[in-house]
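Notes to accompany the following structure.
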Amino acid sequence: MNRTVRTARGLVLALTCAPVFALSAQPRVPDAAGAVPRGMSAITRADLERDLYAMAGDGMRGREAGTPDEMRASMWVAEQLRSIGVKPVGQDGSYFQWFNMVRTRVSTVSTNGAVGETPLTVWTDFVPLGSANADVSAPVVWLGDGADSTIDVRGKIAAIQITAPPAASIRTTTNSKEVRYANAAITAATQRVQRRGAVGIMVVADSTTDVAFDGLAVLRERGTYDVDGGAPRFAGQATQAARPQSARTAPTPAVLVRGRMAARLKAGATAEFHVRVEHFTTPSSNIVGVIRGTDPVLRNEYVLYSSHQDHDGVRYVIDGDSVWAGADDNGTVSVALLAIARAFAKQPGKRSVLFVYHGAEERGLLGSRYHAAHPVVPLGSIVAVLNGDMIGRNHPDSASLLGIQPPHRNSTELVGMALRANTLTGAFQLDSIWDRPTHPEGWYFRSDHVPYARLNIPAVMYSTNLHPDYHTPRDKPSAIDYPKLTRMTQWMYLTGWYVATTTKRPAIDPGFKLER
Ligand SMILES: [Zn+2]
């Protein structure tokens, strides 16, 4: 592989690197039919850079889902699509498909606790670990590290001391290392006590978790998000949602307390905690537009390009900055789709091209779960989903195509088109480690192609993968590698051009089944 690539790469690089800067990234590449797609010349580094500073500048305040900031960004994207000539296919002739985000969070006002006579304040003294109402009051049994499963905890509150979790269970990015450690340790501790008849669990922090305590409180205070009527993200989700509340195995109510509580709990106090959750809905939207194909038959089939317009908004300060701008995540793909739209506006394919910006991706793929369940075109007419997430960072010649290998690959034919397009555009060295089911980040499952792949639509995801600025205020337009972004955009475009112009639509591989 390397050699061929190197030879081919050397050639293309010779072409692109030098002329790229001189010729603004216009590789002379033949398409499936051998002609150079005229549209390629519409993809320029200058447009990508200008648009990214607009979409991910601090003025957009990080585009948090369900806030006016996401709406403002959505309006901006819709206006760009309109000016490029992309036709609206949303509600009432607009570019928007609205849906409701359902937020569930612990009520700070109505949640409280106590050990003996000492009252506990939520988020300061304890952090609820579930998102269900709970009323727990009972004597405490100290379990130490919980290894001794013979201790009788029935009808009691089980107090368990956190110990270091298995290294493989600790995620490698997102938030601080203490928070990542604590999340893995809490999961391990609560699992050790579940289903032993306790009425409640008190997880006692160790020194590392004490450091993470306030950060955990801020994150968990946000609550969880879901979408009304969305397609499932994970295999069990559909069945779990369908099961009546009474049949679902509710986990034992659990809270995290600071390490200094250990002495009181070891002494066998009584304790109680009362958790109240509140639910409310906020609107978010997908942005949907189409460039119609030229073929009288194939134009009723769609190549779906996917990005998400939201990011994490304004959050706690890191290095003096609180705007989590999300330039790479996912400003890069959002502006790439605008460039690709210009290319198809200049030279439409035989099939139509559907552009979908998914809202509330950061809240759990909510927009894509909604659109996959309520597609603006018949689901069966979507011939492929080309999703991208973060395509502007890391080594200039490294990238990943997720869904390139089993069990994530669901269309060998689509992957073949993408690989061919790669060798003729960016010629990236493809890093397949991120696509493995064993990868600790579970990267394949963390973006908007998943709900579609689960519905057996050929799907791949383009990415240049994680970096230390991921989900921090440091993810700014100034840190983006624009020549690389241009090559990634060309790669995505040429793949879609192949799908939009080839006679036979890419087939789903028989026996495709995701591992979770
Ligand atoms: Zn993202």
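The values are calculated or read from the model by the stated rules, or taken from the named source; none is laboratory data. None of these values were measured; they are calculated from a predicted model. Glycine gets a Cβ as well: all are built from the backbone with ideal geometry, and neighbour counts include every protein chain shown. For accessibility, only protein heavy atoms count, side chains too; no ligands or nucleic acids. Shrake-Rupley method; radii C 1.70, N 1.55, O 1.52, S 1.80 Å.
What to note about this one:
- Counted as qualifying within segment 268-351 are the strands (runs of 3 or more DSSP E) with 2 or more residues that are away from the ligand (no atom under 16 Å from the Cβ), open to solvent by 30 Å² or more (accessible area, probe 1.4 Å) and under 30 Å from Ser137 (Cβ atoms), namely 270-275, 277-291.
- The conditions of being within 15 Å of the ligand (Cβ to nearest atom) and either open to solvent by 10 Å² or more (accessible area, probe 1.4 Å) or at negative phi (or both) are not met by Glu413.
- Selection of helices (runs of 4 or more DSSP H) fully inside segment 394-513 by the criterion of at least 2 residues being farther than 30 Å from Arg50 by Cβ and in contact (Cβ under 8 Å) with a residue 24 or more places away in the chain returns 412-424, 450-454.
- Segment 65-93, residues that are out of contact with any helix residue (DSSP H, G or I) (no Cβ under 6 Å at 6 or more places or on another chain) and outside any helix (DSSP H, G or I): Gly66, Thr67, Lys87, Pro88, Val89, Gly90
- Only one of Thr249, Thr294 that is modelled with pLDDT under 95 and of a type in the set (Val, Ile, Thr): Thr249
- Yes/no for Leu455 being more than 30 Å from Arg315 (Cβ to Cβ), buried (at least 22 other Cβ atoms within 10 Å of the Cβ) and aliphatic (A, V, I, L, M): no
- Qualifying residue in segment 273-291 (condition: of a type in the set (Gly, Ala, Ser) and more than 30 Å from His371 (Cα to Cα)): no
- Boolean, Ser478 is modelled with pLDDT of 95 or more and either away from the ligand (no atom under 16 Å from the Cβ) or surrounded by 23 or more Cβ atoms within 10 Å (Cβ to Cβ) (or both): yes
- Pairs where the first residue, in segment 300-312, is without any contact (Cβ under 8 Å) to a residue 24 or more places away in the chain and the second is aromatic (Phe, Trp, Tyr) and more than 11 Å from the ligand (Cβ to nearest atom), C-beta under 9 Å, 6+ apart: none
- Taking the listed residues Asn387, Asn422, the one that is assigned by TED's automatic domain parsing to the domain that holds His311, open to solvent by less than 30 Å² (accessible area, probe 1.4 Å), at pLDDT 95 or above and touching a helix residue (DSSP H, G or I) at 6+ places or on another chain (Cβ under 6 Å) is Asn422, with no other qualifying.
- Here Val127, Val136 are screened, and the one residue that is assigned to a strand (DSSP E or B), farther than 23 Å from Thr209 by Cα, among the β-branched types (Val, Ile, Thr) and open to solvent by less than 60 Å² (accessible area, probe 1.4 Å) is Val136.
- Taking the numbered list (1) in the same structural domain as His308 (by TED's automatic domain parsing); (2) at negative phi in turn, Arg63 passes all entries but (2).
- Within segment 355-365, the residues that satisfy the criterion of being hydrophobic (A, V, I, L, M, F, W, C) and either more than 16 Å from the ligand (Cβ to nearest atom) or closer than 19 Å to Met75 by Cβ (or both) are Phe355, Val356, Ala360.
- Filter pass, Thr104 being within 23 Å of Arg369 (Cα to Cα), modelled with pLDDT under 95 and surrounded by 13 or more Cβ atoms within 10 Å (Cβ to Cβ): yes
- Some residue of segment 369-376 being over 24 Å from Thr486 (Cα atoms) and open to solvent by less than 10 Å² (accessible area, probe 1.4 Å): yes
- Pick from segment 371-397, criterion under 18 Å from Tyr302 (Cα atoms), touching a Phe, Trp or Tyr at 6+ places or on another chain (Cβ under 6 Å) and not small (Gly, Ala, Ser), ranking: farthest from the ligand (Cβ to nearest atom): Val377
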